[in-house]
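Before I ask anything, let me first share the structure, which is written out below as structure tokens.
The values are calculated or read from the model by the stated rules, or taken from the named source; none is laboratory data. Every value quoted in this text rests on a predicted model; they were computed, and no experiment measured them. Neighbour counts run over all protein chains shown; Cβ positions are idealised from the backbone, glycine included. SASA here: full protein model, heavy atoms, side chains in, ligands and nucleic acids out. Shrake-Rupley method; radii C 1.70, N 1.55, O 1.52, S 1.80 Å.
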Amino acid sequence: MKKLRPLPNFSRLADWAAEAIITIAGLAVILTLAAMPALMLKEAAPLFLPPGLKPLGKIESPEKLDPGQVAALIVSADLSGKNRAAGLLARDGRLAFAVPGEGGMAFLPWRPLTGSAAAIRQAENLGGGKFSLLREDGVLNLAQIDLEFASDGKGGTVVEPAARILLEVEMGGETAPPLYAMLRGDGASHQALAVYADGTVREKRLAPPRGLLRRGGGIASEREARIRLPASLSAAALNRSGDTLYLGTGEGDLIKVDLSGDSDSEIAWEAVPAFPDRRPVTALAFLNGDYALAVGDGLGGTSVWFPRRENGEFRLRRAVAWPIGGGAVEAITPSLRDRSFLSLRRDGSLSWFHSTTARELLAVPARNPKPGLLAVSSRGDNLLSLGSDGNLEFQAMDSAYPEAGWNGFFRRLLYEGYERAAFVWQSTAPESGEPKLSLVPLVWGSVKAAAFAMLFATPLALAAAVFLSQFAPPAWRACLKPVVEMLAAVPSVVVGFLAALWLAPLLESRLRFFLGDQPYDQRNSLVIAVALGFAVIPNIFSLAEDAISAVPNSLAAAALALGASKWQAVRGVVLPAAAPGIFTAVMFGLGRAVGETMIVLMAAGNTPIISLSPYNGMRTLSANIAVEMPEAPVGGVLFRTLFLCSLLLFALTLGINLTAEILGHRLRRKYGSP
Amino acid sequence: MFRNSSRKALFLSLVLLGLTALPAAAADSPPVYRQVAGVAGNVNSVGSDTLNNLMALWSEAFREIYPNVAVQVEGKGSSTAPPALTAGAAQIGPMSRLMKTSEIEGFEKSRGFKPTPVAVAVDCLAIYVHRDNPIPSLSLPQADAIFSSTRKLNHAEIARWGEAGLTGDWANRAISVYGRNAASGTYAFFKEIAMGNGDYKNSVKEQPGSAAVVNGVAGDLGGIGYSGIGYRTSEVRVLPVADGKGGNPVEPTFVNALNGKYPLARLLYIYIPKDPKQPLPAATREFLRFALSSQGQELVEREGYGALPLDVLAEQLKLIE
């Protein structure tokens, strides 16, 4: 027996190196595949995190003022969130600021806020450091209280508190000061509004100068109206644009006062019996966006109302209501950032609600000392409360992503101004807009595009496969199969381009005659059916043809020998035997159709509609990611939602491919080979 | 007699003064741009599509003055400007709207100071219809009813041209609505002014650029869309717009824009990351100076936008120093 020579050293080394490289490459591929969904999950997961309130520490207020002696609280934090500052406006017009110093937070000495000497009856935070102050003598002040952090030029931040009175408007009534009054504006224009006990609403306005550049002087005007107050006025809120005033009464009515239009137009008003059980309205506040109104009532219930169209007219209607309990709602503090707000009840319990998704984000049980006054920082990340013991407490508000969550993505929601609840995707909202993040229209778009494409592609591809493998001369097969498979090499951007710019207008001009006046979008499901179908035909055809060709010729020959016609043999013998392969082919085609991006991006119109009609377009999950990617700020809610979209898309295609594998396997066992 | 004649003389001299003063004031144009020494480097611009053509014109003319400066312009929508400025991928960010608070914060968080908006031109956002469309004008509430699903301006739904007042063949013709994509500042501006911050109908065909909107309308008999006035072509018609509060329809001209009569007027901006403690890079500073010079503003007018009034130009120039 011939003895094997030992391998030379070099060969052994090459052997070892090859094994190492192949192992590493293989592991890397598997790891990457596992890491991709993990990464998507990591980016999308924060959307579902619960919000939280985290205590950050207490400071003793100077003189231990109780909440009744304090008109307003101010809180701010720098962008890093590490430094905070607090302000306390006492009813007697003095201000105290607490700023970070050497040894932690320290109060600066009291300083006076100039203006009328009378005590402050009402203070309202207008945002941007502006406060409207109503004095006991009926004088309205617009105060600017600055407590925002700025860069100190050395990488840190610094806060320099400042306060001054910007405007003063006399609003004293003939007999008594107003029950409610508010002043807003700036140097160029302002609006002062007061409601008196006899139901008079008086407005003094300095309209801004006309023109794009706002040059020149404003136009002063005054108007008033008398409103029949059904009962005592118990709460009021004016929106930021100053065109809508809501009043709440002690007998459960909401009164909407329309202040839009110029000074010549009349002040219109309308009373809505909001609560049939006549429970008093105890707190009112406009939510961010100036449209929806949060209402707190005497039983501790909180609800959100906004005008909705009913029979062509806008009517104030309730959109959401949360359960009662905990004593009357004493204060509602809206976030200046999103549609969330805090509702503080008499027993000291606190609820954090989000209006769009109708969720209670967080419930904080009653505690001692009970919080009496609240303030939220302009970025909505810090909460300052003044307890009944006179101490101030900071809390970090982590609202996470309130507009997200299961409700936000998958439930029908009643958006502001909508007639009924709907699934809507309209991600980019203007400043203080309401983002609408329903993923349902996108999933629908993906499914619809794939379904239309499969309806077009499956019969064609399968017919071609049967023809080529069973009926065509073998020479044809050798030539045609590679040609059809070559179609798969046409880049999808080319298909999309042709579909959008050539096929869509052509189809419209041909169909216009039959459709008459039916609504018809040029970029629609029919175009997608053809274009996307065209892209998946080679995949289905190739796999199906392989499966049919793999059926042993002996089977068909046996059928033919028994007297079956060609078609009978194909239908009765060949196709059932090839069924598992055909099924797998169709499923892989479907997987490709769901994931395809470029064609739908270019030819589907990208309108996120839920409709069965073949004459309108759709926006698919994949196209949505491509469309919105450049405008998604890193770490924002849209950014994470796009990751969720990709996760969903991944799950969808994975699901389809897995089904293909598993069912294909089962069919294979059932029908034997191939 | 004497008094009378002296009065006449005074009047005459005043008129003469006025006559001589008027042309003098008109000739008083923005500063002419003159080349300065030592300017080199890159200017990358990422942002508004509305300003895209204008940016291209400016950069072309600017390169003629400074062959050593490379100017690159990318315009996919105003929303792309803040991320690019924040990341330092762009030195200037043209925008057709002001930044949102969240965008300013994102910038401030990573750069430590706020970005500065410099107004560079006046724009009228125009509503376009097909050339053959006979509709005389639209009011804002009508536009809202055509474009918006929420119809916050409270007009009955308009889906066919008949509902906007057309008769005959047009009465039953469906309105085909074109708009911009959400990254666009124009999209946000139209949403705010014409729709009271309501929502777009989801049948609005979102186009990736201003020219695409105009082209879409040009090729669609029932089409309507909005874009900057600079994208007007002969195949579309620009509609006068009424404010819907009793005012007459107003043509989108720059006179009407500046006096506030045209409701869809706006300023176009270039945002710059100007660190308060440091001067701007020379190339960026000179580019803006050029845009605000008489040559630059001439190009603004050639592109179909409105030049800024002199006092506004002076204010903007101060922002750059």
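When all alpha-carbon pairs of the stretch B:137-180 are counted, what percent fall beyond 15 Å?
So the pairs more than 15 Å apart make up 40 percent of the total in the stretch B:137-180.
Less than 13 Å Cβ to Cβ from A:Val281, Lys/Arg counted +1 and Asp/Glu -1: what total charge do the surrounding residues give?
Local charge sum for A:Val281: -1.
Ignore the peptide's own chain and count Cβ atoms of other chains within 10 Å of each Cβ in A:416-424; give me the average, rounded.
Mean shielding count: 3.
Which is farthest toward the positive dipole end of the protein assembly as shown among B:Pro281, A:Ala163, B:Leu264, measuring Cα position about the Cα centre, with Cβ charges +1 (Lys, Arg) and -1 (Asp, Glu)?
B:Pro281
In square angstrom, what is the accessible area per residue of chain A with a 1.4 angstrom probe?
46 Å²
Principal axis extents for the stretch B:125-265, Cα atoms only, whole Å, descending order, please.
Here the Cα extents, ordered largest to smallest, are 38, 33, 29 Å.
Give a quick list of chymotrypsin sites (Phe, Trp or Tyr not before Pro) in the stretch A:229-322 that DSSP marks as loop, anything other than H, G, I, E or B, with at most 12 other Cβ atoms within 10 Å.
Passing both the DSSP loop test and the Cβ count: no residue.
Mind ordering B:45-52, B:153-160 by average Cβ neighbours within 10 Å, highest first?
B:45-52, B:153-160
With every protein chain present, what is the per residue accessible area of the stretch B:125-265 (1.4 Å probe, Å²)?
About 35 Å² of surface per residue is accessible.
Roughly how large is the B-A contact in terms of buried accessible area, totalled over both chains, probe 1.4 Å, nearest 100 Å²?
Summed over both sides, the interface buries about 3400 Å².
Of A:Trp16, A:Ala489, A:Thr357, whose Cα points farthest to the positive end of the dipole of chain A (charges on the beta-carbon: +1 Lys, Arg; -1 Asp, Glu; origin at the Cα centre)?
Value: A:Trp16.
Kindly rank A:274-282, B:28-36, A:466-474 from highest to lowest mean number of other beta carbons found within 10 Å of each residue.
Descending mean neighbour count gives A:274-282, A:466-474, B:28-36.
Also, I was wondering about something else. Modelled label-to-label distance, B:Ala37 and A:Glu170, 7 Å Cα→beta-carbon offset: nm?
6.6 nm
Are there DSSP H segments in chain A that both extend 15 Å or more along their axis (alpha-carbon positions) and score a mean Kyte-Doolittle hydropathy of at least 1.6? List them, or say none.
The answer, listed by residue number, is A:440-466, A:525-549.
Just reorder A:Val447, B:Val217 by solvent-accessible area, largest first, 1.4 Å probe, all chains present.
A:Val447, B:Val217
Keeping to pairs on different chains or 8 or more places apart, tell me how many lysine pairs in the stretch A:21-161 have Cα atoms under 25 Å apart.
Pairs that pass both the separation and distance tests number 6.
Right, next: By accessible area of protein heavy atoms, probe 1.4 Å, what ranking do A:Leu147, B:Leu310, A:Leu501, A:Leu590 get, highest first?
A:Leu501, B:Leu310, A:Leu590, A:Leu147
Using alpha carbons only, how many angstrom separate the centre of the stretch A:390-406 from the centre of the stretch B:244-316?
Result: 41 Å between the Cα centres.
Treat chain B as a sphere of radius equal to its Kirkwood radius over Cα pairs and apply Stokes-Einstein at 25 °C in a medium of 0.890 mPa s; give the translational diffusion coefficient in µm²/s, rounded to a whole number.
115 µm²/s
Okay, moving on. Given points 7 Å out from each Cα along the Cα-Cβ axis, report the A:Trp502 to A:Phe410 separation in nanometres with one decimal.
Using points 7 Å along Cα→Cβ, the separation is 4.3 nm.
Sort B:Met95, A:Met486 by accessible area with a 1.4 Å probe, largest first.
Sorted by accessible area, descending: A:Met486, B:Met95.
PRE reach from A:Thr659 (point 7 Å along Cα→Cβ): which of the stretch A:511-550 fall under 16 Å by backbone N?
Nothing falls inside the zone, counting backbone N under 16 Å.
Compute the FRET efficiency between A:Phe467 and A:Leu49 as 1/(1 + (r/R0)^6), taking r as their Cβ-Cβ distance and R0 = 60 Å, and round to the nearest 0.05.
0.60
Counting only other residues whose beta carbon sits under 12 Å from that of A:Ala556, what net charge do I get with K and R as +1, D and E as -1?
Taking every Cβ under 12 Å from that of A:Ala556, the sum is +2.
If you count, for every residue in A:627-634, the Cβ atoms of partner chains within 10 Å of its Cβ, what is the mean?
Mean shielding count: 6.
How much mean residue ellipticity at 222 nm does chain A get from its helices, if each DSSP H run of length 4 or more adds -39500 (n - 2.57) and you divide by all residues, to the nearest 500 deg cm²/dmol?
-10500 deg cm²/dmol
Ok, one more. Mind jotting down the distance between the C-alpha centroids of the stretch A:636-653 and the stretch B:70-119, whole Å?
26 Å
How much of the DSSP beta bridge set in the stretch B:125-265 is antiparallel, as a percent to the nearest 5?
Counting DSSP beta bridges with both partners in the stretch B:125-265, the antiparallel share is about 65 percent.
Roughly to the nearest percent, how much of the accessible area of chain B is carbon and sulfur, given a 1.4 Å probe?
Ligands and nucleic acids excluded, carbon and sulfur reach 55 percent.
If we count every other residue with Cβ under 15 angstrom of B:Ala84's Cβ, Lys/Arg +1 and Asp/Glu -1, where does the sum land?
-2
Which value in nm describes the separation of the simple spin-label points at B:Thr167 and B:Leu317, placed 7 Å from the Cα toward the beta carbon?
About 5.7 nm separates the two model spin labels.
If you don't mind, another one. Any idea what % of Cα-Cα pairs in the stretch A:104-195 are farther than 18 Å?
Tail fraction, whole percent: 51.
Evaluate the charge dipole of chain A about its Cα centre and quote only its size in Debye, nearest 20, assuming +1 on the Cβ of each Lys and Arg and -1 on the Cβ of each Asp and Glu.
2980 debye
Give me, ordered by chain and number, the residues 5 or more places off A:Val139 or on other chains with an amide H under 5 Å from its own placed amide H.
A:Met171
Between A:Lys82 and A:Lys670, how high is the FRET efficiency from 1/(1 + (r/R0)^6) when r is the Cβ-Cβ distance and R₀ = 56 Å? Nearest 0.05.
Using R0 = 56 Å, I get an efficiency of 0.30.
For the stretch A:436-671, what ratio Rg/Rh do Cα atoms give with a Kirkwood hydrodynamic radius?
1.05
What does the average come to when, for each residue of peptide B:198-208, you count the partner chain Cβ atoms lying within 10 Å of its Cβ?
5
Counting only protein heavy atoms and using a 1.4 Å probe, what share of the accessible area of the stretch A:175-252 belongs to carbon plus sulfur, as a whole percent?
After summing per-atom areas, the C and S share lands at 49 percent.
Pairs of Cα atoms under 8 Å, at least six residues apart: use those to get the relative contact order of chain A, whole percent.
10 percent
Give the residue from A:Gly572, B:Ser293, B:Leu125 lying farthest towards the positive end of the charge dipole for the protein assembly as shown; charges sit on Cβ (+1 for Lys and Arg, -1 for Asp and Glu) and the dipole is referred to the Cα centre.
Farthest towards the positive end: A:Gly572.
Hey, another quick one. Might you report the magnitude of the Cβ-based charge dipole of the stretch A:227-366 about its Cα centre, with Lys and Arg at +1 and Asp and Glu at -1, to the nearest 20 debye?
500 debye
Indicate the helices, whole DSSP H runs only, in chain B that combine a mean Kyte-Doolittle hydropathy of 0.5 or more with a Cα extent along their long axis of 30 angstrom or more.
Qualifying helices: B:2-27.
Rounded to the nearest 20 Debye, what is the dipole magnitude of the stretch B:125-265 about its Cα centre when Lys and Arg each give +1 and Asp and Glu each give -1 at the C-beta?
About 120 debye.
If you don't mind, another one. Averaging sequence separations of C-alpha pairs under 8 Å and six or more residues apart, then dividing by the length of chain B, give the relative contact order as a whole percent.
It rounds to 25 percent for chain B.
With the cut-off at 1.5 for a/c, could you classify the protein assembly as shown from its C-alpha gyration tensor as rounded, prolate or oblate?
Prolate shape, in that a/c is at least 1.5 and a/b is the bigger ratio.
Could you order the peptides B:62-70, B:79-87, A:618-626 from most to least packed, using the average number of other C-beta atoms within 10 Å per residue?
Result, highest mean Cβ count within 10 Å first: A:618-626, B:79-87, B:62-70.
Taking the Cα of B:Lys109, stepping 7 Å toward and past its beta carbon, and measuring to each backbone N in the stretch A:374-388: which are under 18 Å?
Once the point is set 7 Å along Cα→Cβ of B:Lys109, A:377-383 turn out to lie under 18 Å by backbone N, inside the stretch A:374-388.
Sticking with this structure for a sec: Set the Förster distance to 30 Å, then compute FRET efficiency between A:Arg94 and A:Ala207 from the Cβ-Cβ distance, nearest 0.05.
Rounded to the nearest 0.05, the efficiency is 0.30.
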